[in-house]
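Written below as structure tokens is the structure these notes are about.
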Amino acid sequence: MKTPTGRFRIAEKIGSDMPRETIFRSRVPLNPGDALPETEDLIMSRILWLDGLDPHNANTRERFIYIHGTKHEHKIGTPASCGRRRIVRLGG
């Protein structure tokens, strides 16, 4: 269940109309008074929901594989999870 490798396309862009520090749960922005998700790996600012283009990653969208913003900007460009993903900066 690691982050898949291969070729992808962006299936959906989420959050372009939201403030930069918005936190999402299940692709829905939290309201200011909502409880934070119980994770250190918050999904923030923008979500690029991916479709896999290769047979071995065809289920990428159903697995909810995203490129997304993070509160761990000091880790940008380094592997940062049990999967093979890297933290990258998304424009605001």
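Brief remarks on what is shown
Condition check ((1) over 15 Å from GLY15 (Cβ atoms); (2) more than 15 Å from the chain's Cα centre (by Cα)) across all residues:
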position: PRO37; (1), (2): yes, no
position: MET44; (1), (2): no, no
position: ASP54; (1), (2): yes, yes
position: ASN57; (1), (2): yes, yes
position: ARG61; (1), (2): yes, no
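- Checklist (1) in contact (Cβ under 8 Å) with a residue 40 or more places away in the chain; (2) under 21 Å from GLU73 (Cα atoms) applied to LEU30, failing item: (1)
- Within the range 61-76, considering residues that are in a loop (DSSP other than H, G, I, E, B) and open to solvent by 40 Å² or more (accessible area, probe 1.4 Å), the one modelled with the lowest pLDDT: LYS71
The values are calculated or read from the model by the stated rules, or taken from the named source; none is laboratory data. Quantities reported herein were computed from a predicted structural model and do not represent experimental measurements. When we count neighbours, we look across all protein chains shown, and the Cβ atoms used for this are built from the backbone with ideal geometry, even at glycine. Side chains included, ligands, DNA and RNA excluded: accessible areas come from the protein's heavy atoms. Shrake-Rupley method; radii C 1.70, N 1.55, O 1.52, S 1.80 Å.
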